[in-house]
Each structure stands twice: as structure tokens, then as C-alpha cells.
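Beneath this line is the structure, given in C-alpha cells, with notes to follow.
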Amino acid sequence: MAVEAAKWQAALTRLGFSTLTVAGDGPVDRLLPGLAIGATEPPTRSELVAVLDDADLVVVENVCSLPLNPGAAGAVAGVLAGRPAILHHHDLPWQRSLFAGHPPPPVDGRWSQVTINELSRRQLAKRSIVATTVYNSFALDPASMGPATGRAADDELRRQSRAVLGIADGQRLVLQPTRAIPRKNVEGGIRVATELGATFWLLGPAEDGFGPQLAALVGAARCPVILGTPEGATEVEIHAAYRACDVVALPSTWEGFGNPSIESVVHRRPLAIGPYPVADELAAFGFEWFSLAETDRLRAWLDAPDAGLLERNVAVARAHFSLDDLPKRISSVLPDL
């Protein structure tokens, strides 16, 4: 979510806004601890007024969407009543079993409601909340993907990254660039790697108490498994991770969007994707991806790669998910200031 918020901030700057960030933790312009997920007390009205009073527009990133800090959500909604704001919904309560009984996001005549997928927009509509979908956006210019660009530089970065991981020439590597929690379906990613005869690399850590389950999955795996970045190695940046791999796996059972789906396209890697609902919505734009059950077809593709498939996917992403178009999309949902 922080990655997408930063993209919105840059787009708003391109639209002529001066921007600043407010959060409960992290490197932000104005720190308000009561906004943090683990805060023991929500922010007071006076604290919120102090950090928001000079803003002409407030973009609320998920605070009023998913009740991870209900007290903060209520306080923010109260202070913003009657003021221009965009509620940017990455998740909604009923999309997580833990929060299924919570009410929908608050509404106000001065606010724009924005979702990151059509599924959420339709679900809000059923609850009489009018929203607009602005899909997550991605940089498609190779110069934005890291310091190394061009075929020779890409090949060298791939070689270096695989050497750090101990991946030999000719050894296939399946990257799952997610955390390890139940809905990320790490078991599905391991299965893809096993059926391809590949090494499995889970980039993110175990969270929400999933460590013991992850250890059990790794212990039972019938393929080599790499967790995170190997001890003693320099951290592998995300763009280098994509270049190092041969296949991207996103086996999730639920994602609000699933950025690796489009990131795999940007980095021209085939994708094995799980059956989460928004994946079907994204695939309908014309992406040519592989289901988790299509490892035979994926193996055949790896044996005889079709660059045309990758380039067709890039063309779809450029038409519908380009970061260059984000300012225009945001301008269409700006409330009256």
C-alpha cells in the first residue's frame, strides 16, 4: 500500500499540488502515533486538526477502509466531515473474514470513494456507496526499474543476482515476491517450482504467526527453497529479484490487486497465478498468464520461450496500467476544492 501511496503522491505533484505525508509510523512528514495499527489510543481531534488543517485535499489510504485501527478511522472521518477528501480503498472489511461483520466505509458529500478494482466498486455499490475504480499503476520505462538497463546490463544483473543466491546456470528459479501468510498460498508456489524442477524463492518474511507453518512447508518441500535474502549477502533489490528468476508465482487465494501480476509483465517474466477473484478481472484485459494447474504448458513455454507473449503482455499493461496515465486518472476523481 505504501508503494501505491507514493505513486499517488508523485502524480498529485504532477497535477500541481504540494504534498506531505501523515502516518502513525515510518519516514513521513508529520508523525501521529495514534494512527498506527498497533496504537493503544486513537489520535485526538485536536491532534488531527493540527496535522490536517492546512490541507486543501486529504487522501486517506485505507485508514477508513479496513478496520485495523477503528478508533483512528472514526476520528479521521469526524475531522474530515464536510472537507474535500479521497478515501482510497485497498481493502474492504468483508473481504477479510476477521472483519466481515464491520460496517462499510463512511461517506460524505465532499468525499470521493476510490477502489483499486471493480469487484470492490461493485460491492460498495450494493451498499449504496458510489465509487470509482483507479487501478494500481506501474512504471513501464526500463530506466525506472533500477540502475542497470539495456540487454547487456540486464544479463549481468541477472548473473550477479543468481550468483548471490547460489543458482547455477541452467537451473530454473521460481520467485514468489510476497510475504508468507495463509492467503498468499506459499504451498501453491512451492508446488509450481516442484513441478517445474526449479528452485523456489520466497522473497518476503512470515507474518501474523505463520512462521511455524512456513517451516513445515519448507521441511516438506520436494524442491530447493530459498527464504528471503541469503545470510551474509547484500540485499537483493526487487528489480534484481525479477531479473534473477525464470518464473514469477502469485498463487494467492486473495489479493486486493496483486502487484506482482503486473510487475511480472513489466519485467518480462511468465506468471503462474492463483485463482483469486481480482486476478480474473485483471486477466480480462488480455494478459496471457498461466494458471497454477498449467505447469506442463509453462514448462513447454520455458523450453521454447515465446517473446511475443511477453511483449503482448507489456502492450496490455501500457494501455491500461501505465504510471504515466495516473495523474489523468486521479484528476477524474478529485472532489471540488
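Every number in this text was worked out from the coordinates using simple rules, so none of it is lab data. Here the structure is a predicted model, which means the values were calculated and not measured. As a convention, Cβ positions derive from the backbone with ideal geometry for all residues, glycine included, and neighbour counts pool all protein chains shown.
When Lys and Arg each count +1 and Asp and Glu each count -1, what net charge do the other residues less than 12 Å away from GLN213, Cβ to Cβ, add up to?
Details: positive: LYS184; negative: GLU187, GLU207, ASP208.
The answer is -2.
In percent, what relative contact order does the range 1-149 have, based on Cα pairs under 8 Å that are 6 or more apart in sequence? Provide the component values of the computation, followed by the final result.
Values: 210 pairs, mean separation 22.0, N = 149.
Computed value for the range 1-149: 15 percent relative contact order.
Between VAL218 and SER46, what is 0.36 nm times their sequence separation minus the Cα-Cα distance? Round to one decimal in nm. Spell out each step's value before the answer.
On the way: separation 172, 0.36 × 172 = 61.92 nm, distance 4.94 nm.
So the chain would gain 57.0 nm between VAL218 and SER46.
Can you sort LYS184, LYS328 from fewest to most other Cβ atoms within 10 Å of each residue's own Cβ? Display every interim value, and only then the final one.
Details: LYS184 24, LYS328 11.
Fewest-to-most Cβ neighbours within 10 Å comes out as LYS328, LYS184.
Given Cα pairs under 8 Å that are at least 6 residues apart, what percent is the relative contact order of the chain? Write down the numbers at each step before the final one.
Details: 543 pairs, mean separation 51.3, N = 337.
Once divided by the residue count of the chain, the mean separation gives 15 percent.
Kindly identify the range 142-320 as rounded, prolate or oblate by the Cα gyration tensor criterion: order the square roots of the eigenvalues as a ≥ b ≥ c, call it rounded if a/c is under 1.5, otherwise compare a/b with b/c, prolate if a/b is larger, else oblate. Don't skip to the end; give the middle numbers.
Values: a/c = 1.44, a/b = 1.10, b/c = 1.31.
Rounded, because the longest to shortest axis ratio a/c is under 1.5.
Under the Karplus relation 6.51 cos²θ - 1.76 cosθ + 1.60, θ = phi - 60°, what is the ordered set of whole-Hz ³J(HN,Hα) values for the range 52-58, x standing for Gly and Pro?
In residue order, the calculated couplings are 10, 4, 8, 8, 7, 9, 10 Hz.
Using modelled backbone amide H atoms (1.01 Å from N, in-plane), which distant-in-sequence or interchain residues come within less than 5 Å of THR132's amide H?
Long-range HN contacts for THR132: GLN113, VAL114, THR115.
Between ASP155 and VAL130, what is 0.36 nm times their sequence separation minus the Cα-Cα distance? Round to one decimal in nm. Write down the numbers at each step before the final one.
Working: separation 25, 0.36 × 25 = 9.00 nm, distance 4.74 nm.
Result for the pair: 4.3 nm of gain on full extension.
Can you list the aspartates and glutamates whose alpha carbon is less than 17 Å from that of LYS184, not counting same-chain residues fewer than 8 positions off?
ASP91, GLU207, ASP208, GLU255, GLU263, ASP280
Over the range 142-320, what is the relative contact order in whole percent, taking alpha-carbon pairs under 8 Å and six or more residues apart? Provide the component values of the computation, followed by the final result.
Working: 272 pairs, mean separation 36.8, N = 179.
Contact order relative to length: 21 percent.
Identify which of the listed values of log10 I(q)/I(0) by the Debye sum over Cα atoms at q = 0.06, 0.10, 0.14 Å⁻¹ was calculated from the structure shown: (i) -0.23, -0.65, -1.21; (ii) -0.20, -0.57, -1.15; (iii) -0.40, -0.68, -0.94.
Structure-derived value, by its label: (i).
Lysines within cross-link reach of LYS328: Cα-Cα under 28 Å, excluding same-chain residues under 8 positions apart?
Here the lysines satisfying the reach criterion relative to LYS328 are LYS7, LYS126.
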